[in-house]
1. Just to be sure I understand the filter: pairs with C-beta atoms under 8 Å, separated by 6 or more residues or on different chains, first member in region 294-320 and closer than 15 Å to Ala277 by Cβ and in the same structural domain as Leu15 (by TED's automatic domain parsing), second member of a type in the set (A, V, I, L, M) and assigned to a loop (DSSP other than H, G, I, E, B). Which pairs pass?
2. For Asp168, which of the numbered conditions (1) of a type in the set (Asp, Glu); (2) farther than 16 Å from Leu389 by Cβ; (3) more than 12 Å from the ligand (Cβ to nearest atom) fails to hold?
3. With the condition being in contact with a Pro (Cβ under 8 Å, 6 or more places away or on another chain), I'd like the strands (runs of 3 or more DSSP E) fully within region 163-272 carrying at least 1 qualifying residues.
4. Pairs only if they're at least six apart or on different chains, beta carbon under 6 angstrom, first in region 409-422 and outside any loop (DSSP other than H, G, I, E, B), second modelled with pLDDT of 90 or more; list them, first residue then second.
5. Which residue, of Leu358, Leu349, Leu389, is crowded, with 21+ Cβ neighbours inside 10 Å, in the same structural domain as Leu10 (by TED's automatic domain parsing) and closer than 30 Å to Lys94 by Cβ?
6. Considering region 170-205 alone, what residues qualify as being hydrophobic (A, V, I, L, M, F, W, C) and under 19 Å from Ile393 (Cα atoms)?
7. At pLDDT 95 or above and surrounded by 22 or more Cβ atoms within 10 Å (Cβ to Cβ): which single residue out of Gly252, Gly220 fits that description?
8. Yes or no: region 138-155 includes at least one residue that is outside any helix (DSSP H, G or I) and more than 10 Å from the ligand (Cβ to nearest atom).
Amino acid sequence: MIRFEHRNLLANPYLKTAIPSSRLVDFAGMVKSAREEILSDRKADILGFYDLPEQDTTRITDFVAALDPKFENMVVLGIGGSALGNKALYNALKTEARLKRKVYVYDNVDPVYLHEILSELDLGKTVFNVVTKSGTTAETMSGYMIVLDILKRKFPGDYQKRMIITTDKEKGFLRQVVKTEGFASFVVPDNVGGRFSVLTDVGLLSSAFAGIDIKALLKGAAGMREISETKDITQNPPLLNGLLHFLYMREGKNISVMMPYSNSLYDFADWYRQLWAESLGKRYDLSGREIYVGQTPVKALGTTDQHSQIQLYTQGPNDKVITFLTVEKWNHDYVIPNIHPERGEVNYLGGKKLSQLLNAERLATEYALCKAHRPNANLIFPEINAENLGAAIMMYEIQTVFTGKLLNINPLDQPGVEDGKIATYALMGKAGFDKERKEIEAYQNQ
Ligand code: PA5
């Protein structure tokens, strides 16, 4: 199980200016109310991600087992919550879990990027999975139409077998397409929001296709959910981390950096970026008061960004809370050969493992941050495996909802995304958006 080290989020002899542990007691009442609100939301069935560990996954494993073995690649067409979890899981595990089949995620509307994916792959060995809860997202729908057109022309006899649709159970245009075209389909549950949906069919199908142990993912998530019930908040990573981030936000630390010391976990930081930004960045509180809250999530990569960001993090504005992701055991490693034993510049490295250097650099960065009075935490993965990733996913989902409760905002909506979507519809000529189109034309011609 992953472990959360929070000692440098609280005042200690090395970090005297951090939040004192007595503050945790001061906020016990707020914590209790937030927990009660979560319980009542769960009863009202609006936090469906909590219950995902119990789902029956045979629909997915049976489907993958029955899939034509010629399919070596899956391309996910989706964006935001319908894409980032797929990327995070596949890229975390593709090497350490020695995955056999490949997953690509096309989550933009970039023609060169689409061309790169389509030209790199043997389309005869590729299945496409269109993932969109709403079934209306322009980015995903444009990709879907381009790809389906290609498939229909290239494989007129069996193009239906080369596309899967993952969307709402009943609603939306794509559900109708499933019925008329006869595509295989999966479901994004009503009670799970996009960015909380990685442990639904949204993320489980591509994971199972690649060979990830999806039962282990859910087991890890269940384990973390159990830990999140712990009364003592210091033993409850999602709630403790949420409370401390909330308290640091109140002190003006408006940036949350996630810094994995592992390339494999870099996309996990991207998944977190969406979860934290879209859930907590809100103009209004629940009573309609303007509050403009949120904490800007930033991702950085250790050690790479030690040579890019750490100067800023240690000596620039003290406005960040930094979380390291550390891996203890690596399935792939190198011993650095001592090929220049006579040279002091490099012989100290000889005979050491690459992972030892990596983790020493992480600790060195942690120490430097403490000396510079910068709060930081460490989420430790004993190894990168499905169970630990499932636990980390559940930890951050619970932490996000809990922090939303402390902030008195709705962490499940994203009204700020709507204006841009509507303007795009108007600019692209969607029916019913004439008024908006005229407004944008006036803006352009000013
Ligand atoms: O978290 C969310 O709800 C969003 O990020 C969505 O996942 C994203 O906008 C994609 O939406 P959809 O799955 O409807 O295409």
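The values are calculated or read from the model by the stated rules, or taken from the named source; none is laboratory data. Source: prediction; values computed, not measured. Don't worry about glycine lacking a Cβ; one is built from the backbone with ideal geometry, like all the others, and counts go over all protein chains shown.
1. none
2. Condition (3) is where Asp168 drops out.
3. Numbers: elements: 163-167, 184-187, 255-260.
In region 163-272, the matching strands (runs of 3 or more DSSP E) lie at 255-260.
4. Ile422/Glu436
5. Leu389
6. Start the filter on region 170-205 by keeping residues that are hydrophobic (A, V, I, L, M, F, W, C), which leaves 173-174, 177-178, 183-184, 186-188, 192, 196, 198-199, 202, 204-205.
Answer for region 170-205, where residues must be hydrophobic (A, V, I, L, M, F, W, C) and under 19 Å from Ile393 (Cα atoms): Val188, Val192, Phe196, Val198, Leu199, Val202, Leu204, Leu205.
7. From the options Gly252, Gly220, the qualifying one is Gly220.
8. Yes, the conditions are met somewhere in region 138-155.
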